[in-house]
Amino acid sequence: MKKTILTFPLIILIFALGITSCNNTKEKKMVDLSKAEWTFHEKGSDKTLLAKVPGCVQMDLLANGEIPDPYYRTNEDSLQWIGEKDWVYRTEFSVEPEILERENLELVFKGLDTYADVYLNNAPMLKADNFFREWRVNAKPLLKEGKNTLEIRFTSPVGIDKEKKEKSKIPLEYENVYTRKPAYHFGWDWGPIYITQGIWQPVLLEGWNNARLRNLWIYQDNLTDEKADLTLLFEVEADKDMEVEISAVCENTGQRKQNTFRLQKGTNKAGLFFTIDNPKRWWTNGLGESYLYTFKAELKIGGKTVDTITERTGLRTIKLVQKPDSLGKSFYFEVNGVPVFMKGANYIPQDMFLNRPTVETYKRTIKNAVDANMNMLRVWGGGFYEKDIFYDLCDENGLLVWQDFMYACAMYPGDEHFLNNVKEEAIQQVKRLRNHPSVALWCGNNENYIGWRDWGWTRQYSKEDSARVWHDYEKLFENILPEVIRKYDPERFYWPSSPLLGWGYPVNSEGDVHYWGIWHGKEPFEAFKKPENIGRFMSEYGFQSLPEMSSVKKFTLPEDWDIHSKVMLTHQKHRIGYPVIDKYMKWYYRFPKDFQGYLYVSQVLQSFGIDMGIEAHRRAMHHCMGTLYWQLNDCYPVASWSSVDYYDKWKALHYRVRDIYKNILVSPVIEKGKLNVYVVSDELEPRTATLGLVLYDFNGKLLKENKKQIEITPGSSKIYFSESINQFTGGHSKNDVILVAKVIGDNEQLAENHFFFVYPKDLKLKKGKISFTSKKVENGYELTFTGDTFAKEVFLSTDDGKGFFTNNFFDLIPGQPVKTVFQIDEDIPDIAETVKVYSLVDSY
C-alpha cells in the first residue's frame, strides 16, 4: 500500500495566551428518543395509532391490525395506497434540567424515509429529503424544560417525483431517480413495490459543552510483518477556543498515547500516532484469522472526561490490480500482497421493511455466506448502505465488501441541489465505513454506464439532450464521487460503474462483467464455459429458482399451488420468469409432473447451471479472478436468483456453492473430446495430495479407478488428469455411470465432485428404496442414508420447514452411506415420519 501524506495543522500542540477556560465541563449526554412513545396517523385523519421507532408505516399499520400481512398471497396489490398517502409521526418527551443546561443541544435523525418536515414544539426545524443521510439540527432554541413535542410530517415521494419529472428540462425515464431512496422500494424483478415512509433509524437528543469527538479515523500509514504505523485522526468540534487532552488506548496491546491540543471554535483535526510491533494481519475467510484491533479514545477538558469514542479496524493491505496483458488488463484483488480469487455473491436488502431484520437475522445471513466458503459480498446499488451490524459481521468473518454507491440502472439528475445532496450523502457514508477492513472497493453505480452504452437509453433523447444527460453522469460518477474518495478514503480504489462490460460480445478483456447471456439471452448453460464469456471478474450472473414447498406454504393456500395461479404469478416479478425456467428445464431435465416437482427441479436446475459457471470461472484462474453470482438472499418470498430463500432455507445452489467454493476444487470437464480434471487451489501454501477418480454404475459397481499423487501449487488452476472420453468410460454406457472425483490430503478429504457424461434428463434413473437411520446428537439428529440404486439430488425437508440439514441435495450411491445432521432444537418423536425424502426420479 502506498503511503499517502496527510497534513493536519492542529496535531501539534501550540501553547498560546488567551485560551478560554472551561468552567462548565460536563460529559456529553445522549437521549434515545426512539424509546419514547410514538404515534402516527394519515395526514388529514384523526385516527391515531401507536408506532414503533425505528420502523415504517406499513409495519406500524400491520402491528395495529389495520392491514394484512403484506407478503401473503396477493396482498401487495391492495396495499399500494399506503405509499401514496402522507403520514405524520409524533411523540412527546421530557427534557431534564441536567440535559437542558447543556450549552449545545442537537436533535440527531439517523435516518428519515424520505421527504420529512420536522417540527419541534410546533416550530419548523428541518426539511429532510434523503433516506441515506443523517440529519443534525440545533434544538437549543426550541427545547424547554418538561414536556416537548416532536412531529415529523412525511410526504409521499410519488407525487413529488411526478412533479419533479414534469418540471425537469430533460425528463429522465424513471420517476424514482429524483428521490434519494432505495430504488428497490419501487419494485425490481425479484421484489414487490412497497414505497415506505417513516423513521427508519434512531432519533437522538445529544447535549454537550465545550467540545466533542465527531469522528475517529484509524489511518494505516504503513504495514509490514514487523510493525504497523497508524495515525488516529480525530475530528473534534469546539464551541470556543480551548485546550483539551485526547488519549487513546489499543485494547489489544494496552498501548496508550495522549497529547494536549489547542482547539479553535469550529471543527478541528488532531492526531495520535501508534506503532504496533509484530502486527496480526486481517485475512479473508479461508486464508487466515480476521483479526481486529480496537481503539478507545477519550476527550478530556480540565482533567475530566467529556466524550469517548471506540472504533475497530483490521490491519491489511488491499489493492485492485489492473496490469496490461495480451488480452487487455487484469482485474484482481491483492490482499496482504497475495492475489486472492474472490468467491461470493451479490447481496440485496434482507427485507422490504428495514426494521424487520434483527441482529440475529444479520448473523444468520452472514453465517450463510461464511459457511458457503465465500470471501466477498457485493452490496448492490439499488438497496441502501447497510447498517453497522452488517459491516461489523463482515469484519469479524473475513468477508470483503464490494460497496456500490446507491445508484442503479438509470440516469440521475444533475441539478445543483441534487448534486450537493448526494455529495453530502457520500461524505457521510464514506466517513462511517472507512475503518472497516471488510470494505474493499467503492463503486459508483450498478449498470448505469452499461445501460447507457449498450441498452439503447440514448434513443429517448435528442442529440443535445443526450449530451446533457451524459454530462450529468460524468459530474457525479467521474468527478464528485471519486473526489470524495480521494479526500476521505484515499487508500481505497474507486470503480466508476459495475460492470465495465455486459454480454452479447466478448467480455474477456478487462474490468468486471455482468454476464446475462444465460437467462436474459436464453443461451445454454454451456455458454458459461466459452472463453469469450469468461471475464476478468464476474460480478453478476445467475438463474432463477423457486423456494421449497415449506416456504411456499407460508405465503399461499393450497388452491394457489400452481405456477400459473395468480398468487404464484404475483410472487414471480420477472416478466418472463416462468417461461425462461421452463425453457431451460426442457433442455436439461425431464419436465416435472406436478407443482412440488416444479419447485424442486427449479432448484436443482439453478444449481446445475450456476455450478457450470462457477467451475468455469475458477478453472480460468488467473485470467478470471472473481465470481460473484446473483444473488445470495431475498427481501420477500419470491421466485428469484437467490441461493437462500426469504425464510432462510438453503436452496440446492447454496449447498452446491459450499462445495465448489472450498479452497481446493476438483473440476472434471469435457474439452475437445477429452476428460480433463482440474485441481484449483486458493491456498497460500503448496500441498501434496492424492487425486482419485472412480467410475461407478448406478448399481454401485466400481467400473474403473485411477489414483495419482499430485503436487498442488498455491493460487493455481492446473489439469492433473487428461484422457479421451471413450478411453476413460471403456465402452460403458454414459447414461448410467457416475464419476466421483476426490482430492485427499493429510488423511482428510479436501474436495469432491461428481461428474456425469450426459444431461440429467438422459440419465437412466430407477426408482429405488432410500432408507435412513437416526441417532440423537447434541444439536439434533444424525441421519445416515442408504439406497439400493443410485439416487440423484436427494432432497430432505420437513412439512413445517423447521430445522436445518447440514447435507442436502446429495447423490446416493449404493454401498456408500451418506450422513447429515438434522439440526433442530426440539425432540422429534417420530423422525422417520418428520423427515421427507425426495430425489430426482420422484419429480417425473
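The values are calculated or read from the model by the stated rules, or taken from the named source; none is laboratory data. The structure displayed is predicted, hence computed values, not measured ones. Positions of Cβ are backbone-derived with ideal geometry, glycine not excepted, and every protein chain shown enters the neighbour counts. Ligands, DNA and RNA are stripped out before the accessible areas are found, and what is left, the full protein with its side chains, is counted by its heavy atoms. Shrake-Rupley method; radii C 1.70, N 1.55, O 1.52, S 1.80 Å.
Which of the residues that make up segment 238-258 are in contact with a Leu (Cβ under 6 Å, 6 or more places away or on another chain) and over 12 Å from A211 (Cα atoms)?
A248, K257
Please indicate, with yes or no, whether at least one residue in segment 293-312 is of a type in the set (S, T, N, Q) and buried (at least 18 other Cβ atoms within 10 Å of the Cβ).
No - not one qualifying residue is present in segment 293-312.
Which condition does G55 not pass, out of (1) surrounded by fewer than 18 Cβ atoms within 10 Å (Cβ to Cβ); (2) within 25 Å of Y646 (Cβ to Cβ), if it passes all the others?
Against the list (1) surrounded by fewer than 18 Cβ atoms within 10 Å (Cβ to Cβ); (2) within 25 Å of Y646 (Cβ to Cβ), G55 comes up short only on (1).
Go through segment 715-741 and count every residue that is more than 19 Å from P686 (Cβ to Cβ), in a strand (DSSP E or B) and open to solvent by 40 Å² or more (accessible area, probe 1.4 Å).
2
I want to confirm something. Restricting to segment 567-595 and keeping residues that are part of a helix (DSSP H, G or I) and closer than 21 Å to H185 by Cβ, which single residue is most open to solvent (accessible area, probe 1.4 Å)?
T570
Which residues, taken from segment 132-153, are within 30 Å of Y473 (Cβ to Cβ) and in a strand (DSSP E or B)?
Taking segment 132-153 as the starting set, the residues that turn out to be within 30 Å of Y473 (Cβ to Cβ) are 132-135.
Listed by number, the list holds a single entry, W135.
Applying the selection to segment 520-549, what residues are open to solvent by less than 10 Å² (accessible area, probe 1.4 Å) and over 16 Å from T627 (Cβ atoms)?
Hits for segment 520-549 are Q544, S545, L546, P547.
Could you list, in sequence order, all residues of segment 125-164 that are open to solvent by less than 40 Å² (accessible area, probe 1.4 Å) and of a type in the set (S, T, N, Q)?
Result: N130, N148, T149, S156.
So which residues in segment 616-643 are over 26 Å from Q350 (Cβ atoms) and open to solvent by 10 Å² or more (accessible area, probe 1.4 Å), if there are any at all?
R619, A620, M621, H622, H623 - these are the residues of segment 616-643 that are over 26 Å from Q350 (Cβ atoms) and open to solvent by 10 Å² or more (accessible area, probe 1.4 Å).
Name, by its number, the condition in (1) farther than 30 Å from S607 by Cα; (2) surrounded by 24 or more Cβ atoms within 10 Å (Cβ to Cβ) that does not hold for K423.
Going through (1) farther than 30 Å from S607 by Cα; (2) surrounded by 24 or more Cβ atoms within 10 Å (Cβ to Cβ) one by one, K423 breaks only (2).
Please report, ordered by residue number, the helices (runs of 4 or more DSSP H) entirely within segment 74-131 with at least 1 residues that are free of Cβ contacts under 8 Å to residues at least 24 places away in the same chain and not small (G, A, S).
Because the criterion is at least 1 residues that are free of Cβ contacts under 8 Å to residues at least 24 places away in the same chain and not small (G, A, S), the helices (runs of 4 or more DSSP H) in segment 74-131 that meet it are 75-78, 81-84.
Being open to solvent by less than 40 Å² (accessible area, probe 1.4 Å) and out of contact with any strand residue (DSSP E or B) (no Cβ under 6 Å at 6 or more places or on another chain) is the filter here; which residues of segment 679-714 pass it?
Selection gives D682, E683, F698, G700.
When segment 83-108 is examined, which residues are found to be of a type in the set (D, E, K, R) and under 40 Å from the mean Cα position of the chain (by Cα)?
Once the filter is applied, which keeps residues that are of a type in the set (D, E, K, R) and under 40 Å from the mean Cα position of the chain (by Cα), segment 83-108 yields E84, K85, D86, R90, E92, E106.
Would you kindly identify the strands (runs of 3 or more DSSP E) lying entirely within segment 743-833 that contain at least 2 residues that are open to solvent by less than 20 Å² (accessible area, probe 1.4 Å)?
The strands (runs of 3 or more DSSP E) meeting that bar are 748-755, 780-787, 791-797, 810-812, 818-823.
Within segment 23-35, can you find the residues that are surrounded by fewer than 16 Cβ atoms within 10 Å (Cβ to Cβ) and either among the aliphatic types (A, V, I, L, M) or under 23 Å from P54 (Cα atoms) (or both)?
Scanning segment 23-35 gives K29, M30, D32, K35.
Across segment 210-264, which residue is most open to solvent (accessible area, probe 1.4 Å) among those that are without any contact (Cβ under 8 Å) to a residue 40 or more places away in the chain and of a type in the set (K, R)?
Of everything passing the filter in segment 210-264, R256 is most open to solvent (accessible area, probe 1.4 Å).
What is the number of the single condition among (1) touching a helix residue (DSSP H, G or I) at 6+ places or on another chain (Cβ under 8 Å); (2) small (G, A, S); (3) modelled with pLDDT under 95 that G146 does not meet?
(1)
In segment 375-416, what residues are of a type in the set (A, V, I, L, M), in a loop (DSSP other than H, G, I, E, B) and crowded, with 22+ Cβ neighbours inside 10 Å? Please lay out each step first, then the result.
Kept after step one, since they are of a type in the set (A, V, I, L, M), are these residues of segment 375-416: 376-377, 379, 389, 393, 399-401, 406, 408, 410-411.
With the extra rule that they be in a loop (DSSP other than H, G, I, E, B), the set shrinks to 399, 406, 410-411.
Matches in segment 375-416: L399, M406, M411.
For residues that are within 26 Å of the chain's Cα centre (by Cα) and of a type in the set (A, V, I, L, M, F, W, C), scanning just segment 456-486, find the one that is nearest to Y515 (Cα to Cα).
Among residues in segment 456-486 that are within 26 Å of the chain's Cα centre (by Cα) and of a type in the set (A, V, I, L, M, F, W, C), the one nearest to Y515 (Cα to Cα) is F477.
In segment 651-693, what residues are in contact (Cβ under 8 Å) with a residue 60 or more places away in the chain, assigned to a loop (DSSP other than H, G, I, E, B) and closer than 22 Å to G609 by Cα?
K651, Y661, K662, N663
Return yes or no: is V841 touching a Leu at 6+ places or on another chain (Cβ under 6 Å), closer than 22 Å to K649 by Cα and either surrounded by fewer than 14 Cβ atoms within 10 Å (Cβ to Cβ) or of a type outside the set (S, T, Y) (or both)?
no
So in segment 314-361, with the set limited to residues that are among the hydroxyl-bearing types (S, T, Y) and open to solvent by 10 Å² or more (accessible area, probe 1.4 Å), which one is farthest from V507 (Cα to Cα)?
T358
Across segment 698-712, what is the number of residues that are free of Cβ contacts under 8 Å to residues at least 60 places away in the same chain and farther than 25 Å from V335 by Cα?
10
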